[in-house]
Amino acid sequence: ATGASPPTLRFMADGGAGGFAGCNRWMAATTLSGEGLAFERAASTMMACPEAAMATEQAFLAALAKVTRHDIDAAGRLVLLAGDTAVIAAALADT
């Protein structure tokens, strides 16, 4: 990530997900079945940010839209995949 803060992903009890995308907050409904995982089109706030943060956000949201399944890697990271291609690897936050 090239923004001041990296994108975040949090799964909610209601079945949705949300977080910070690099510039704006985002939220989306999810569909989970076994290893299958999909994010519906994300909604986000509309603040303007520096170009690098906006590029991070656009790349993150585009990657989320491609997700079809998930896995956990040897390091314990959640890996979101588009088919067999890893598009996001997420580590637990220290919060």
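In the range 17-61, which GluC sites (Glu not before Pro) fall in coil by DSSP and have 16 or fewer other Cβ atoms within 10 Å? Qualifying residues, ordered by number: E35, E40. Rounded to the nearest 0.05, what FRET efficiency do A65 and R25 give with R0 = 22 Å and r taken as the Cβ-Cβ distance? Could you check? In this case the efficiency is close to 0.85.
Can you tell me the dipole magnitude for the chain around its Cα centre, using point charges on the Cβ only (Lys, Arg +1; Asp, Glu -1), in Debye to the nearest 20? Before the final figure, lay out each step's value.
Working: 6 positive and 9 negative charges, 30 e Å.
Charge dipole of the chain: 140 debye, to the nearest 20.
Largest GNM mean-square fluctuation across L80, L61, L32, computed for the chain with C-alpha springs under 10 Å, falls on L32.
For the range 45-95, what does the alpha-carbon gyration tensor say about shape, rounded, prolate or oblate, given a ≥ b ≥ c as the root eigenvalues, a/c under 1.5 as rounded, and a/b over b/c as prolate?
Note, shape of the range 45-95 comes out oblate.
Each residue of the range 10-18 was assigned a 3J(HN,Hα) from its phi angle through the Karplus curve 6.51 cos²θ - 1.76 cosθ + 1.60 (θ = phi - 60°); the sequence is 9, 8, 9, 4, 7, x, x, 9, x Hz, with glycine and proline shown as x. Split the accessible area of the chain by element, probe 1.4 Å, and carbon with sulfur accounts for 58%.
For the options M27, M47, M12, a Gaussian network treatment of the chain with springs between C-alpha atoms closer than 10 Å singles out M47 as fluctuating the most.
Within the listed set A75, A62, A43, the residue fluctuating most in the Gaussian network model of the chain (springs between alpha-carbon atoms under 10 angstrom) is A75.
The values are calculated or read from the model by the stated rules, or taken from the named source; none is laboratory data. Only a predicted model underlies this, so the values are computations on that prediction, with no experimental measurement involved. Glycine gets a Cβ as well: all are built from the backbone with ideal geometry, and neighbour counts include every protein chain shown. With ligands, DNA and RNA removed, areas are computed over all heavy atoms of the protein, side chains included. Shrake-Rupley method; radii C 1.70, N 1.55, O 1.52, S 1.80 Å.
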